[in-house]
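The structure appears below as structure tokens.
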Ligand SMILES: [Zn+2]
């Protein structure tokens, strides 16, 4: 495995339920990069009890999309902190470019923070049907927030494998909101995917395999 000479930014994309968060975290661990996920970052803000934190709690519990301004603002704060800390070899962005306007701002943020010299865009691709099945059956730890995908050996988990917390079906995992999110993906995110494809920057990975095989395929392409 070659080393990334320049600071690297990876954008992980994929339909809901594609397991992109899991892959993003595996990549971060493998390369010593910083994992910057929108879900995790928003939950951190929720816990601060700030005006935005309280509002995010309300919005996210209904399954509605967090407004572009609030999302990009949170990303900016996270990247600013990483810049201050220094010694960051790379960042892995997960869940920040759900639509064109966000994608434009994410590109600008990467340029601003000077992580735009080596950008990889990775799409974990699964069909709409697969996405639907995984979404209606996945669970989340009510203690640490880890998502447990409805795939392979994870289906048999009784408790969180990280902290032992109870596993519950996510409050926004109901049919109406899932259908809405699949529509949003098709209407809002697919155009972003197509833009990266047009620019020749898109790496497409078959997401309908085990977590290990998806990860192997990503590493193969990055070699
Ligand atoms: Zn847990």
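Please treat every number below as a calculation from the coordinates, not as lab data. Treat the numbers as computed from the prediction; the structure is a model and nothing was measured. A quick note on method: Cβ atoms are made from the backbone with ideal geometry, for glycine too, and the neighbour counts reach across all protein chains shown.
The label-point distance for residue 69 and residue 157, in a model that sets each label 7 Å from Cα toward Cβ, rounds to 3.7 nm. Stretched out straight at 0.36 nm per residue, the stretch from residue 43 to residue 144 would grow longer than its current Cα-Cα span by 35.3 nm. Roughly speaking, what % of Cα-Cα pairs in the chain are separated by over 21 Å, rounded to a whole number? In whole percent, the long-distance tail amounts to 56.
GNM on the chain, alpha-carbon springs under 10 angstrom: the most fluctuating residue among 95, 86, 76 is 86. In the stretch 20-125, the alpha-carbon atoms span a convex hull of 114 Å³ per residue. A Förster radius of 41 Å, combined with the Cβ-Cβ distance separating residue 187 from residue 212, puts the computed FRET efficiency at roughly 0.80. D by Stokes-Einstein for the stretch 32-88, Kirkwood Rh over Cα pairs, 4 °C, 1.567 mPa s: 108 µm²/s. For the stretch 115-185 versus the stretch 1-58, the spacing of their alpha-carbon centroids is 14 Å. Modelled spin labels at residue 108 and residue 198, positioned 7 Å past Cα toward Cβ, are 1.9 nm from each other.
Subtract the Cα-Cα distance of residue 52 and residue 30 from 0.36 nm times their separation in residues, and report this length gain in nm to one decimal. It would help to have the intermediate numbers written out before the result.
Values: separation 22, 0.36 × 22 = 7.92 nm, distance 3.32 nm.
So the chain would gain 4.6 nm between residue 52 and residue 30.
What translational diffusion coefficient, in µm²/s and rounded to a whole number, does the Stokes-Einstein relation yield for the stretch 180-223 at 20 °C and a viscosity of 1.002 mPa s, taking the hydrodynamic radius as the Kirkwood radius over Cα pairs? Here the translational diffusion coefficient equals 179 µm²/s. Here is the P(r) of the stretch 81-169: all C-alpha pair distances, binned every 5 Å from 0, give 3, 10, 15, 15, 14, 15, 15, 12, 2 in whole percents. Note on the chain: with a GNM built from Cα contacts shorter than 10 Å, the maximum mean-square fluctuation among 70, 24, 176 falls on 176. Just to check, using Stokes-Einstein with a Kirkwood Rh over alpha carbon pairs, what's the diffusion coefficient of the stretch 115-223 at 37 °C and 0.692 mPa s in µm²/s? Reported coefficient: 207 µm²/s. Here the sum of -39500 (n - 2.57) over DSSP H runs of 4 or more residues, divided by the residues of the chain, equals -14500 deg cm²/dmol at 222 nm, to the nearest 500. For the stretch 1-64, the C-alpha radius of gyration divided by 2.2 N^0.38 Å, with N the number of residues, is 1.40.
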